[in-house]
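First comes the structure, then the notes that go with it.
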Amino acid sequence: MKVVVPAEHHQGERRVALVPEAVVKLIKLGLEVAIQDGAGLTANQDNNAYLAAGATIVSTSDISKALSSADVVASVRPLDPAVGKTLKSGAVTLSFLSPTNNPDEIKALSAAGVTALSFDLVPRISRAQSMDALSSQALCAGYRTALIAAERSTKFFPMLMTAAGTVQPAKVLVLGAGVAGLQAMATARRLGAVVSAYDVRASSADEVKSMGATFINLNLETLEGAGGYAREMGEDRAKAQQDALKPFISESDVVITTAAIPGRKAPLLVTASMVENMKPGSVIVDLAAESGGNVEGSIAGQDVLLPTAGGDVTVIGCKDLASQLSVHSSKLYAQNVVSLLTLITTEGEVNADPSDEVVAGSAVVFAGDVRNAMARETLGLQPLAKDGE
Ligand code: NAD
């Protein structure tokens, strides 16, 4: 059975779904692997490295034909709908595929009779940890946010005692203590900053402390949802949080925001009025800028200036963070792909079992049926009847 990896089509995407070491593992599983000519170059993987690993290279002029006969298509971003509709019935796609943000692609995959497994939806159970691309890529993104903050800050992160005087360490506040936030804290700590953090899940306090950061307790209702995720907050709760956070933001040199709610627009955590007492020259790094933004007015891929009494604060809207670390983010992602493919491959045959919790959880579309509830809602389809109804 053949696994095909097309070049990523999304502008700014530098990752590739399989790296050569992952190709070796898939060939051991009994699969064939074909890579589009040059697909790995932005992650420093050239055609020769793939050939040496046992893959074949498909020229760009032949990639449509290869995709339409592929048994598995692995990509990082969702395929273009025009490609999705050409896949053969029974093929399996592995990629990030948000059930709410890709209605055209989901319709195309459904019409083609494809099984589309999404890394956005892999259940967070211990058996599936090696398939958890949300975590592997959030790790890369969180690390980058701290480096961007350090680079753009007008202050040192570490405390320095020099002949010319003592420099106090930068104060970094991280909002959101999921995988990305914890990695941002760890990285800022390694650079010597004094780090504090807040998350709506009170249970994250111990993890924050284990990163060497201080957990800020705002004495507000905790918002733990299913599966360890946060719940969406109502307007009153959001306002109370914003008021309570304002003094902590005022005294920070750097704020890094990493908050997300699965399947929803990122929550607004920092409004323009909350930064008015920050010191001019401070920076806010918004990891969530691409998914709606945690900071009022932030724009993905751009700097936005917010006024304070003495000057401006720079809001950096992050874009393609994991791609900025394309070698390692691709290596980790490729291992996630290998792990998920291993789960659904027996003796060289790919056969996803819908009764498997990981397959059922991650299938946006199974054999042409749109199975995911959020995707069905987005497409205006009736909810599926639950067992026994
Ligand atoms: P995420 O990307 O969904 O969200 C990032 C963080 O933002 C979360 O910690 C969330 O609580 C926080 N947040 C949401 N709204 C907020 C608000 N209004 N203010 C402040 N913070 C807010 O998170 P994630 O990195 O995917 O992790 C989510 C959960 O899953 C965590 O509990 C994490 O420990 C857990 N997890 C489990 C596994 C596993 O068991 N295999 C793997 C990874 C993560």
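The values are calculated or read from the model by the stated rules, or taken from the named source; none is laboratory data. Remember, it's a predicted structure, so these values are computed and weren't measured experimentally. Every residue, glycine as well, gets a Cβ built from its backbone with ideal geometry; the counts of neighbours run over all protein chains shown. Areas reflect the complete protein model, heavy atoms only, side chains present, ligands, DNA and RNA absent. Shrake-Rupley method; radii C 1.70, N 1.55, O 1.52, S 1.80 Å.
Summary table below
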read-out	value
Principal-axis tilt of helix 179-190 within the chain, Cα atoms, nearest 10 degrees	50
Furthest towards positive pole of dipole, 354, 248, 219, structure part the chain, Cβ charges	248
The range 187-302 - percent of accessible surface contributed by carbon and sulfur, probe 1.4 Å	51
Over 32 Å (Cα to Cα) - which of 107/386; 28/386; 85/265 fall in this group	28/386
Relative compactness, the range 13-77, computed as alpha-carbon Rg over 2.2 N^0.38 Å	1.02
Overall Cα dimensions of the range 1-109, principal axis frame, Å, largest first	38, 30, 25
The chain - mean residue ellipticity at 222 nm from DSSP helices (-39,500 (n - 2.57) per run, n ≥ 4, rounded to 500)	-9000 deg cm²/dmol
Overall dimensions of the range 137-274 by Cα: Rg and Dmax, Å	15.1, 54
Against the rule of thumb 2.2 N^0.38 Å, how large the Cα Rg of the range 157-214 comes out	1.23
3J(HN,Hα) from dihedral phi, the range 225-232, Karplus parametrisation 6.51/-1.76/1.60, rounded to Hz, x for glycine, proline	x, 6, x, x, 8, 7, 8, 5
For the range 223-282, alpha-carbon Rg and Dmax in angstrom	13.0, 40
Gyration tensor (alpha-carbon) shape descriptor, the range 311-389, a/c threshold 1.5	oblate
Equivalent ellipsoid semi-axes, the chain, via Cα gyration tensor eigenvalues times 5, rooted, Å	40, 24, 18
Inter-centroid distance (Cα atoms) of the range 201-274 relative to the range 332-389, Å	32
Overall form of the range 204-252 per C-alpha gyration tensor (a/c, 1.5; a/b vs b/c)	oblate
Accessible area per residue, Å², the chain with all protein chains present, probe 1.4 Å	44
Two-site label geometry, residue 11 and residue 265: point separation in nm, points 7 Å out along Cα→Cβ	2.3
Dipole of the chain, positive direction: furthest Cα of 169, 278, 56, with charges on the beta-carbon	169
Overall dimensions of the range 49-186 as given by Cα atoms, namely Rg and Dmax in Å	21.9, 71
Average projected area [Cα convex hull, the range 255-375], square nanometres	9.9
Expected-Rg normalisation [2.2 N^0.38 Å, Cα atoms] applied to the range 109-186	1.70
